[in-house]
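The structure appears below as structure tokens.
The values are calculated or read from the model by the stated rules, or taken from the named source; none is laboratory data. Because the structure is a prediction, the values reported are computed rather than measured. Virtual Cβ from ideal backbone geometry, glycine too; neighbours counted across all protein chains shown. Ligands, DNA and RNA are excluded from the accessible area calculation, which covers all protein heavy atoms including side chains. Shrake-Rupley method; radii C 1.70, N 1.55, O 1.52, S 1.80 Å.
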Amino acid sequence: MFGARCLLRALRSCSSAPCPRHKPSAKLSVRDALGAQNASGERVKVQGWVRSVRSQKEVLFLHVNDGSSLESLQVVADSNCDSRELAFGSSVEVQGQLVKSLSKKQNVELKAEKIEVVGSCDPKDFPFKYKERPTLEYLRQFPHLRCRTNVLGSILRVRSEATAAIHSFFKDSGFVHIHTPIITSNDCEGAGELFQVEPPSKGKVPEENFFDVPAFLTVSGQLHLEVMSGAFTQVFTFGPTFRAENSQSRRHLAEFYMVEAEISFIESLQDLMQVMEGLFKSAAAAVLSSCPEDVALCHRVLAPGQKDRLEHMLKNNFLIISYTEAVEILQQASQNFTFTPEWGADLHTEHEKYLVKHCGNIPVFVVNYPLALKPFYMRDNEDGPQHTVAAVDLLVPGVGELFGGSLREERYHFLEQRLARSGLTEAYQWYLDLRRFGSVPHGGFGMGFERYLQCILGIDNIKDVIPFPRFTHSCLL
Ligand code: 4AD
Ligand code: MG
């Protein structure tokens, strides 16, 4: 199979210099190598990690993956090659000729001329075994190694593509990207889930704060976006947010990424919901077209039936019900809930999941929540004894709440009263100022990025869609 003498010499040593007759090889990603049309012996160099080694009488087959695609590149080497170090998990650099494969399983393969083991790996000690498909739960014990598996590779590529798709959506819609701060002195949601930021006390006056005021990791960039929406009519931010929520649930993290948008000169929740639905659908369509194999792997091995469920979500218009209607639906349900549904009480996960099912597994916007349940910034609907605010949550199959948003209270006197009632007037003078100097009707929303990935991929546990999950009692690495 490998006639050339220089080739055999190179294979035996597995690291000798290439034959001087050969031109230097061009470095190629596995993805580009696999996509090469009409491969006809171009000399290339590929680097990556060995995903399988199979030895036959005359040849050795390796599969090399570099994270650029789910599929690995088949490398065909002479069986005389010293393969002792060529084990599952080792890192390699392979030079050779890219040729059309004789097998139907792949279009191209790399005929090795030189294989160098860059870093060896003892498969006995490596926690993953060739051909085994460990569960996501098992993989969670190895946050430093799990990205080497097919399934985590796919999830993380989808995450990367979805990030890019979200940025594209906003850019194409004319939004300005704002970097809102991670360290802040405000508690946007007022839910008391703040992590305080303070250096160790050594070497400074003990009772003094580093920033002179208490400072926290942000729970939401909304208030900073609202500042910006006084100058830019459409803004968004997409960054890490932090909540000291004492929860081990499958949809809560202490550090998660939130996509937030704020739009000026809008007057109805309808306008906001249109952007939310557009964002959901456009990013999903972009991901489906940019990494279909990765999405298909997740659907096939982790969530059978999810492909159809996602298609169903994407092809239907999202539904809208009011909070009051939602409570009525829950009260008429035959199901027994742990938390009895009643007007004025928060919707729990069990309620959200029931509502989505009731709506035929189409995402549903729930609008107009009781004022008493929501933060000070939401716009008063002035609707009599029930007294609601113009809030909107989007509930989706499998996850429950994915988006939270509202129209903001842009009227000075309404906001002043709300702040006074919560004892926040002093701290939020700057926020009141925004209503004094060119205030406009505006609104916005936040979408939990990990929950979005869970929803499109059908992944049950939020810890599996973020590279390094942080939650109560766990901050590995
Ligand atoms: O509903 P939330 O709390 O809304 C806000 O923070 C608004 N200030 C956003 C805005 O209007 N700009 O959070 C928004 C979304 C939730 O719907 C949920 O998807 C996600 O953020 N989220 C979490 N995701 C993972 N872990 C947690 N602990 C989360 N808390 C909220
Ligand atoms: Mg919420």
Answer yes or no as to whether Leu453 is open to solvent by less than 10 Å² (accessible area, probe 1.4 Å), more than 14 Å from ligand 2 (Cβ to nearest atom) and not in a strand (DSSP E or B).
yes
Of the numbered conditions (1) farther than 22 Å from Ile320 by Cα; (2) open to solvent by 40 Å² or more (accessible area, probe 1.4 Å); (3) without any contact (Cβ under 8 Å) to a residue 60 or more places away in the chain, Glu382 satisfies every one except a single condition; which is it?
(1)
Hey, any hits in segment 377-390 for a residue that's of a type in the set (Asp, Glu), away from ligand 1 (no atom under 13 Å from the Cβ), on the phi < 0 side of the Ramachandran plot and more than 21 Å from the chain's Cα centre (by Cα)?
yes
With closer than 27 Å to Phe232 by Cα and either within 16 Å of ligand 1 (Cβ to nearest atom) or at pLDDT below 95 (or both) as the only criterion, which of Tyr369, Tyr452, Tyr412 stands out?
Tyr452
Among what's in segment 229-251 and is farther than 22 Å from Ala165 by Cβ and buried (at least 19 other Cβ atoms within 10 Å of the Cβ), pick the residue that is nearest to ligand 2 (Cβ to nearest atom).
Arg243
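When you look at Glu208, is it acidic (Asp, Glu) and either farther than 30 Å from His473 by Cα or away from ligand 1 (no atom under 15 Å from the Cβ) (or both), yes or no?
Judged against the criteria, Glu208 is a match.
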For segment 252-270, enumerate the residues that are in contact with a Phe, Trp or Tyr (Cβ under 9 Å, 6 or more places away or on another chain), open to solvent by 20 Å² or more (accessible area, probe 1.4 Å) and either in a loop (DSSP other than H, G, I, E, B) or over 16 Å from Gly446 (Cβ atoms) (or both).
His252
Answer yes or no as to whether Glu189 is away from ligand 2 (no atom under 16 Å from the Cβ), at negative phi and not in a helix (DSSP H, G or I).
no
Would segment 109-120 turn up any residue that is in a loop (DSSP other than H, G, I, E, B) and within 31 Å of the chain's Cα centre (by Cα)?
no
Would it be correct to say that Phe61 is assigned to a loop (DSSP other than H, G, I, E, B) and among the aromatic types (Phe, Trp, Tyr)?
no
What number of residues within segment 224-251 are of a type in the set (A, V, I, L, M, F, W, C) and either more than 23 Å from the chain's Cα centre (by Cα) or in a loop (DSSP other than H, G, I, E, B) (or both)?
5
Per the list (1) within 19 Å of the chain's Cα centre (by Cα); (2) closer than 28 Å to Arg435 by Cβ; (3) away from ligand 2 (no atom under 16 Å from the Cβ), residue check on Ala215 breaks on (1)
Could you please find all residues in segment 205-263 being in contact (Cβ under 8 Å) with a residue 40 or more places away in the chain and of a type in the set (D, E, K, R)?
Glu226, Arg243, Glu245, Arg250, Arg251, Glu255, Glu260, Glu262
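Quick one: is Leu415 away from ligand 2 (no atom under 16 Å from the Cβ) and surrounded by 16 or more Cβ atoms within 10 Å (Cβ to Cβ)?
Here the answer is yes, as Leu415 does meet what is asked.
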Going by what's in this entry, would Arg140 be described as open to solvent by 50 Å² or more (accessible area, probe 1.4 Å) and touching a residue at least 60 places away in the same chain (Cβ under 8 Å)?
yes
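Taking the stated definitions as given, is Leu86 more than 30 Å from Gly458 (Cβ to Cβ) and surrounded by 17 or more Cβ atoms within 10 Å (Cβ to Cβ)?
Yes: the conditions hold for Leu86.
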Options Gly398, Gly446; residue that is at pLDDT 95 or above, touching a helix residue (DSSP H, G or I) at 6+ places or on another chain (Cβ under 8 Å), within 15 Å of ligand 1 (Cβ to nearest atom) and not basic (Lys, Arg)
Gly446
Would you check which residues across segment 337-351 are among the charged types (D, E, K, R) and either open to solvent by less than 10 Å² (accessible area, probe 1.4 Å) or away from ligand 1 (no atom under 16 Å from the Cβ) (or both) and list them?
Glu342, Glu350
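Okay, residues lined up against (1) among the aromatic types (Phe, Trp, Tyr); (2) at pLDDT 95 or above; (3) assigned to a helix (DSSP H, G or I):
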site: Leu156; (1), (2), (3): no, yes, yes
site: Lys171; (1), (2), (3): no, yes, yes
site: Pro181; (1), (2), (3): no, yes, no
site: Glu198; (1), (2), (3): no, no, no
